[in-house]
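Single-structure report; data block below.
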């Protein structure tokens, strides 16, 4: 066979016992989860800002970034819920390229998933220890989330995964918000079908077990733009797009309708500076229409210490993305204060 086993990976319970979450951090996460839930249920009118690197590639620079974020978060805590974007798995369209810290805890070295699952757990814990902010990550591999399910406060299902049955069923067993992105085609019905599936109970096989879920009432939509049959990007953050999705939501019997706008990817055509303008337009649409103000719960922004991106090499600059280009810190700080003022 063409598949070779490198390591037998530890069970999630074993890894959690080796790298346990302290009682203090469990309480931090519990309080954060409760506050985030109140936003999605409409009990709180705070606006969510999911912000951070396209891919978390280095523990020290990620923690430096989130420490800066914490300083800003404290100043806008009456208006905003800041959730650090600490993405440790990176989907690749063709399968090539850096796949995130889970695969390569050191981008310069060969893949090592045993070291990777330890590295990402330790990094997420360190972020919470140093800042009191619990993070968001992408559920790229449904079975792997069990290594982090006691740490994360938000998860996203990406455009390439949103039609996958295992992602939908696993999301139905989560007790935190899970955002379903529209697929790369831009088809909103696929995204809404995923939300519907995640909000319902299911019976399926998970990590070799027969499991039953109760449904996730915080499953919701993320608009990230799409690509048409000619490879042209089609954004879907405009007022008309939000009104259209609002009408589609109204036809469905879904709990806690919510939209998050991903300001990068196909909405910006990866022109990272456009995120500033896109967020401004989204805030204007919310303020213009009271229904959208209730429905659009937040934005997702790709940002790091330094703007742009770089290739993996032996002379990389710490804090600059090695995947998609990101806003730099100065622009990010100004943008967060602007969101707090206008939301």
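The values are calculated or read from the model by the stated rules, or taken from the named source; none is laboratory data. The structure presented is a predicted model; accordingly, all values stated were derived computationally and were not measured. Because the Cβ atoms are built from the backbone with ideal geometry, glycine has one as well, and the counts that use them run over all protein chains shown.
A few comments on the model shown:
- Qualifying residues in segment 54-68 (those that are buried (at least 20 other Cβ atoms within 10 Å of the Cβ) and in contact with a helix residue (DSSP H, G or I) (Cβ under 7 Å, 6 or more places away or on another chain)) - the one farthest from residue 103 (Cα to Cα): 66
- One residue alone among 301, 336, 322, 312 is loosely packed, with under 14 Cβ neighbours inside 10 Å and either in contact (Cβ under 8 Å) with a residue 60 or more places away in the chain or under 24 Å from residue 236 (Cα atoms) (or both), and that residue is 312.
- Subset of segment 167-216 that is out of contact with any strand residue (DSSP E or B) (no Cβ under 8 Å at 6 or more places or on another chain), touching a residue at least 12 places away in the same chain (Cβ under 8 Å) and farther than 25 Å from residue 41 by Cα - its residue that is surrounded by the fewest Cβ atoms within 10 Å (Cβ to Cβ): 207
This table checks each residue for (1) touching a strand residue (DSSP E or B) at 6+ places or on another chain (Cβ under 9 Å); (2) at pLDDT 95 or above; (3) surrounded by fewer than 20 Cβ atoms within 10 Å (Cβ to Cβ); (4) not in a loop (DSSP other than H, G, I, E, B).
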{"residue": "37", "(1), (2), (3), (4)": "no, yes, yes, yes"}
{"residue": "81", "(1), (2), (3), (4)": "yes, yes, no, yes"}
{"residue": "106", "(1), (2), (3), (4)": "no, no, yes, no"}
{"residue": "129", "(1), (2), (3), (4)": "no, yes, yes, yes"}
{"residue": "151", "(1), (2), (3), (4)": "yes, yes, no, no"}
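- Scanning segment 223-244 for residues that are part of a loop (DSSP other than H, G, I, E, B) and surrounded by 15 or more Cβ atoms within 10 Å (Cβ to Cβ) yields 224, 225, 235, 236, 237, 238.
- Residue in segment 156-165 that is farthest from residue 219 (Cα to Cα), counting only those that are crowded, with 21+ Cβ neighbours inside 10 Å and in contact with a helix residue (DSSP H, G or I) (Cβ under 7 Å, 6 or more places away or on another chain): 161
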